[in-house]
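Read through the structure below, which is laid out as structure tokens, and then see the notes.
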Amino acid sequence: MKKHKRVFAAIHLDAVKNNIEQMEKMISDKTGMLCVIKTDGYGHGAVPVASVLESEDCVAGFAVATAEEAIELRDADINKPVLVLGYTFPQDYDELIYRNVRMTVFRRDTLKKLSEAVERLNSNGISCKALVHIKVDTGMGRIGIMPDDEGLAFVEEAMSCKGIEVEGIFTHFARADETDKTSAVEQYKKFIAFVNRAEKTCGKAIPYKHCANSAAILELPQTNMDLVRAGIAMYGLWPSDEVKKEIALQPVLSLHSHIVYCKEVPAGTPISYGGTYVTDKLTRVATVPVGYGDGYPRALSNIGHVLVCGKKAPILGRICMDQFMIDVSDIPEAVEGCLVTLIGRDGKEEITMEQLGDLSGRFNYELACDLGKRIPRVYYEGKEICSDF
Ligand SMILES: *Cc1c(COP(=O)(O)O)cnc(C)c1O
């Protein structure tokens, strides 16, 4: 196996399992968990994460954002149910139906086209139907039918559409991660009222009703319903700093590099583009071969730090595309070849995704998703490396 030196993200799959178990303790026995692994598993790697979750009893299935993400899972022999949470374009209907991927519906034209796709497949001797989940907009203003008469007519049409089976209905909270839950509870009430009305009108129950994201799993247990959609918390990250940290989530990802160059420069030496940092004393400067081209935020220029030999080393000057410099004047044991931790723990010190997000004016979700393709992911089960991409 190749040893990655320049940069690598260590992904601890045991931590994923721990986080799932921690959340399982919070949810009702009747509730299944849909694990959200869109954007390549929030940057952690959708296939390896899904592979460890596939055999967990509490995992009912997976949710992704796009058709391509669903196909990637099927191609990797992930066989549990997969739901595409976003809009699916008609060009993908045949393949997704054939591969038993659930789609989210909220547009009338989708129903007709799905029905036609099923007919097409059937006429080719493939017996199948389109499993769909109806999206209801109760306060995101994003995708979804409105919980009104027109929305009701949509549900009725979906229920009676040939080749289509309405397996689920769901909504999404806009503000479940805030201390004040008034808005999320309002959304939940709207959703319940609409679903009750729809089931009564259609004279048929919809098997899977769901609305809870990570924040609601943590703080709104009354919204569990049939499924919860666990995203960010599965990766050991918090939905916001307003959410109470009452369960023991473990960060799944840490990011490392190695010092490639170390030198002493006199006072008055400008460091990096623009000379935005000028040394004020004799300084030991080390170069780290990682940059914004890897998704390491340029906004950390002159304000961030990394960990070397269990100590904090401040970033000097601007982050370049592929490199940046740090001050190791106070870390004499830092030499060329030393491990550098950009995210994660080194001894007593830790840099969390949340801290980096705050410091760079970004968002922990965004930072994880933006870790570049150029960063190899190394997967661990326990202390053992299980695969390496
Ligand atoms: C991304 C997403 C989730 C997961 O949200 P987290 O805050 O990461 O738990 C759930 N539902 C929908 C519809 C989503 O788009």
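A few points about this structure:
- Verdict on K204 being surrounded by fewer than 18 Cβ atoms within 10 Å (Cβ to Cβ) and in contact with a helix residue (DSSP H, G or I) (Cβ under 9 Å, 6 or more places away or on another chain): yes
- Listed by position, the strands (runs of 3 or more DSSP E) contained in segment 177-276 that have at least 2 residues being within 12 Å of the ligand (Cβ to nearest atom) and out of contact with any Lys or Arg (no Cβ under 8 Å at 6 or more places or on another chain) are 227-230.
- Some residue of segment 330-346 being touching a helix residue (DSSP H, G or I) at 6+ places or on another chain (Cβ under 8 Å), without any contact (Cβ under 8 Å) to a residue 40 or more places away in the chain and either part of a loop (DSSP other than H, G, I, E, B) or of a type outside the set (A, V, I, L, M) (or both): no
- Flag not set for F173, criterion: part of a helix (DSSP H, G or I) and crowded, with 16+ Cβ neighbours inside 10 Å.
- Some residue of segment 240-261 being among the hydroxyl-bearing types (S, T, Y), without any contact (Cβ under 8 Å) to a residue 40 or more places away in the chain and over 17 Å from Y365 (Cβ atoms): no
- Test: residue in segment 246-269 that is within 30 Å of A313 (Cα to Cα), among the aliphatic types (A, V, I, L, M), surrounded by fewer than 19 Cβ atoms within 10 Å (Cβ to Cβ) and not assigned by TED's automatic domain parsing to the domain that holds G304: yes
- Sub-7 Å Cβ pairs linking a first residue in segment 186-201 that is over 14 Å from T138 (Cα atoms) to a second residue that is part of a helix (DSSP H, G or I), at least 6 apart or interchain, are R197/L152; A198/L152; A198/V155; T201/L152; T201/E156, ordered by first then second residue.
- With respect to being within 15 Å of the ligand (Cβ to nearest atom), polar (S, T, N, Q) and over 22 Å from E366 (Cβ atoms), T66 falls outside the description.
- Set I331, I319: member being under 16 Å from I303 (Cα atoms), at pLDDT 95 or above and not hydroxyl-bearing (S, T, Y): I319
- Test: residue in segment 90-105 that is open to solvent by less than 50 Å² (accessible area, probe 1.4 Å), part of a loop (DSSP other than H, G, I, E, B) and either charged (D, E, K, R) or assigned by TED's automatic domain parsing to the domain that holds A212 (or both): no
- Selected residue (only one of P314, P266 is more than 35 Å from the chain's Cα centre (by Cα) and either more than 18 Å from L356 (Cβ to Cβ) or without any contact (Cβ under 8 Å) to a residue 40 or more places away in the chain (or both)): P266
- Among the candidates E72, E56, residue that is of a type outside the set (V, I, T) and within 21 Å of L371 (Cα to Cα): E72
- Filtering segment 347-388 to residues that are part of a loop (DSSP other than H, G, I, E, B), away from the ligand (no atom under 16 Å from the Cβ), of a type outside the set (K, R) and over 17 Å from V288 (Cβ atoms) leaves G347, T352, G361, G382.
- Verdict on P81 being buried (at least 18 other Cβ atoms within 10 Å of the Cβ), closer than 22 Å to I343 by Cα and in the same structural domain as Y93 (by TED's automatic domain parsing): no
- Single condition V132 does not satisfy, out of (1) outside any helix (DSSP H, G or I); (2) within 13 Å of the ligand (Cβ to nearest atom); (3) crowded, with 17+ Cβ neighbours inside 10 Å: (2)
- Restricting attention to segment 143-176, the residues being more than 16 Å from the ligand (Cβ to nearest atom) and among the small types (G, A, S) number 5.
- Index of the failed condition, D57 passing every other in (1) surrounded by fewer than 19 Cβ atoms within 10 Å (Cβ to Cβ); (2) modelled with pLDDT of 95 or more: (2)
The values are calculated or read from the model by the stated rules, or taken from the named source; none is laboratory data. Worth saying up front: this structure is predicted, and the values here are computed from it rather than measured. Because the Cβ atoms are built from the backbone with ideal geometry, glycine has one as well, and the counts that use them run over all protein chains shown. Note: accessible area is taken over every heavy atom of the protein model, side chains too, but ligands, DNA and RNA are not part of it. Shrake-Rupley method; radii C 1.70, N 1.55, O 1.52, S 1.80 Å.
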